[in-house]
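Report on the structure given below.
The values are calculated or read from the model by the stated rules, or taken from the named source; none is laboratory data. Remember, predicted model here, so these are calculated numbers, not experimental data. Glycine gets a Cβ as well: all are built from the backbone with ideal geometry, and neighbour counts include every protein chain shown.
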Amino acid sequence: MAADTRSETAATERFEDVDWDDVGGLGFPRRTLALGVSSLAYLVAVVYDVFLTEDALVSGTNWLFLLTLLAGVFFVAWPLAENRRLTAYYWRRFKKNRAAVISAIYLLVVFVLGTFGPMLIAKPELNVLAAYQPPVFLSVDSSVPTSCVGQAADGLCHGTWKYPLGTTSDGKGIARLVVFGMRVSMQVGLITMLIVISIGTVVGTSAAYFSGLVDELLMRYVDIQQTFPTFFLFLIVTYLFKPSLFLLITIFGFLGWGGIARLVRSEALQRREESYIQAAENAGASDGWIIRRHLMPNVSNTVITAATLLIPSFILFEATFAFLGLTDPSTPSWGQVISSGRGDLDSAWWIATIPGVFLFFTVLAFNFVGDALRDALDPRSEGDA
Amino acid sequence: MSMHWYVARRVAWAVIATYLILSITFGLLAVAPGDGQTAFAFKAATQGGDVDEAQETFDEITGRDEPLLTRYKNYMVNMATLNWGWSFTRNQPVLDAIAQAYPYSLMYAVPATLISIIAGYAIGLYSATHQYTLTDYFGTFTAFFGISIPNFWFGIMLILVFAVDLGWLPSYYQTGRGVWTVANAKQLILPIIVLSTGAIAGNMRYSRAEALEYVHADFVKTARAKGADDWRVLVRHIFRPALVPLMTILVADILGLLFAGAYITEVVFQIPGLGLLSYKAIIQQDTALVMATTLIPVFIAIIGNLVQDIAYTVLDPRISYGDR
């Protein structure tokens, strides 16, 4: 571009004469530089935490979550902020779907609360005296709670602002449990998505680009992986090993990318035939460069859409396993609270209901956003569907 | 490549996949720290036995003291000859326990499957032919609801409303009420609703998307121009070509959805089917039973995939065998 305009103004100046330092130079762009620095800092911190401290200061899941957030900043937020015009274009298309906009706002709130909330509020604690408190503005027969924390009048126990969403059978505040559950759900959804799209994109693009034996090997492996239902594999693994959030994320992440890889491959096969790939090959670009700079950016829209629609299934899986009591019991999660309220449906309906409402709306919101993203980002879905 | 060769290759592939999965399971069993050993010893101790002795018995039964290769060989032979072991919590062979449990699973899974296919496809086709109408939006909304609502929570909410508050239906399943009785039907209503909601939504989305490909096709326009009525266009010109992918989706995806969904449904409603059997086995550390009840869905998924691929190639002449 720069060379074009210059050649018009000064006929003597040629492509070879362009002073590249003037137009940004051959150095790394700012994003790459910042990315390099922060990945290095991240690595150092992880190494320090793993090898040099007695107990890990930050759990493995939280480290992975931090990595996911970094990836989000550098590969989603930053490019969007740099390409204002494109962002505005996507936004115009996205906001046509009002349900999706509301969903996105809801998800943002859940994300912020879930990420920062657990740092600010204390973990819910056992308090037998405060068991079975109803949510604020609601009341329940005085015989249900052991003692009423709020006002008790006419044989009814009223909820209090101390426990806005009531308490469970062991006196934990449901509002706090919900906030802690937000973190678990966001971690499961986002980290697993990061693992799935990283592996899926690399495998899919490599299979499409190299074709032949590489393609055959990778795709046959995907076939095998896809036949093994992850739900039952995880059942076996939790049975044999100690269940934890980390285990769940790694299993669903490292075994759940088959679908994305197939999708990326079929998309990249079409891109492979485009002339800009041939041009890059003729110009002597390396395989890695072509995959990174030409294939991956051009399949990213498909990947992001598919990944957004995958998140809810991961969240649902986590909630299901927590409900079954097959996750780490010390991590408060929505499924776990729902399960604990199952026995008290006739007296304390709110215990099982409230976390479920949050779970349902989170999953619904991701589905809405994913659907709207497909319409906004995917040029093929224009018009109908 | 001929079709026979493709089918043969595909079957061979399913066999290899099965073999690999069995090997992986064996590997997991071999490296796992405690596969029911503690539970077994505990059971022996509570029954007045010696813990050390129980340990030895356990090693003998599971063959833990033998070299790895021998164990691997025994394991494979046992799997192939359907000698799937002894469930010590139920004091019966694993396969007997499964044989007793699966009729309960079928009792609600079969109606749920039929309902989800018929209702899902009907709504999907209707939405596709009446695109952008109020009914279409309503259908789309239902689909979102169905795929988003967590099965187990939906079940609990239904119990809360229909069993606890209204008292119309029983809140959990009780055996001994016969099979073809009103009492049994009543206690199966909620599980069927829970299981079919998600599946209806899935079927609806697929069938709508599939049918939309053909709604604006030239041959449909031609049929309309020649005076075919709506029903004929729908059944003969849209439904027939759309049926091919729909049928194949049906086999594998429905199976997977039903199995994972059934697991939860049975735990929520206390139906003594395969899911609850497996869940109890996990809680009680009954390894042989855990393995059998989790491997059966896996095998069914493999067979489902196989049938799906073969059905696809047989039904759709456009598929080239060379591709896969």
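Comparison of B:VAL77, B:VAL161, B:VAL110 shows that the only residue that is among the aliphatic types (A, V, I, L, M) and not assigned by TED's automatic domain parsing to the domain that holds B:VAL220 is B:VAL77. Annotation: of all residues in the stretch A:237-266 being of a type in the set (S, T, N, Q) and not in a loop (DSSP other than H, G, I, E, B), the one that is farthest from the other protein chains (Cβ to nearest Cβ) is A:THR250. Any chance the stretch A:279-296 includes a residue that's at positive phi and surrounded by fewer than 22 Cβ atoms within 10 Å (Cβ to Cβ)? Scanning the stretch A:279-296 turns up at least one residue that is at positive phi and surrounded by fewer than 22 Cβ atoms within 10 Å (Cβ to Cβ).
Among the criteria (1) buried (at least 18 other Cβ atoms within 10 Å of the Cβ); (2) part of a helix (DSSP H, G or I); (3) at pLDDT 75 or above, the one B:PHE58 does not fulfil is (3). For B:ILE115, the conditions (1) surrounded by fewer than 16 Cβ atoms within 10 Å (Cβ to Cβ); (2) at pLDDT 85 or above all hold with the exception of (1). Residues in the stretch B:166-191 that are within 14 Å of chain A (Cβ to nearest Cβ) and under 13 Å from B:PRO111 (Cα atoms): B:LEU190 alone.
Only one entry in A:PHE180, A:PHE232 is within 25 Å of the chain's Cα centre (by Cα), aromatic (Phe, Trp, Tyr) and away from chain B (no Cβ under 14 Å), namely A:PHE180. Only residues that are under 10 Å from A:LEU138 (Cα atoms) and surrounded by fewer than 23 Cβ atoms within 10 Å (Cβ to Cβ) were counted across the stretch A:151-163, and they come to 3. Just checking, does the stretch A:118-133 include any residue being surrounded by 11 or more Cβ atoms within 10 Å (Cβ to Cβ), part of a helix (DSSP H, G or I) and in contact with a Lys or Arg (Cβ under 6 Å, 6 or more places away or on another chain)? There is at least one residue in the stretch A:118-133 that is surrounded by 11 or more Cβ atoms within 10 Å (Cβ to Cβ), part of a helix (DSSP H, G or I) and in contact with a Lys or Arg (Cβ under 6 Å, 6 or more places away or on another chain).
For the stretch A:337-347, check the following and say yes or no: at least one residue is facing chain B (nearest Cβ under 9 Å) and within 28 Å of B:THR140 (Cβ to Cβ). Yes; the residues of the stretch A:337-347 include at least one that is facing chain B (nearest Cβ under 9 Å) and within 28 Å of B:THR140 (Cβ to Cβ). Would you check if there is a residue in the stretch B:83-98 being on the phi > 0 side of the Ramachandran plot and at pLDDT below 70? Among the residues of the stretch B:83-98, not one is on the phi > 0 side of the Ramachandran plot and at pLDDT below 70, which makes the answer no. Residue count for the stretch B:1-33, restricted to those that are more than 13 Å from every other protein chain (Cβ to nearest Cβ) and modelled with pLDDT under 85: 7.
Given A:THR320, A:THR327, which one is in contact with an Asp or Glu (Cβ under 8 Å, 6 or more places away or on another chain), under 29 Å from B:ALA281 (Cα atoms) and either polar (S, T, N, Q) or within 14 Å of chain B (Cβ to nearest Cβ) (or both)?
A:THR327
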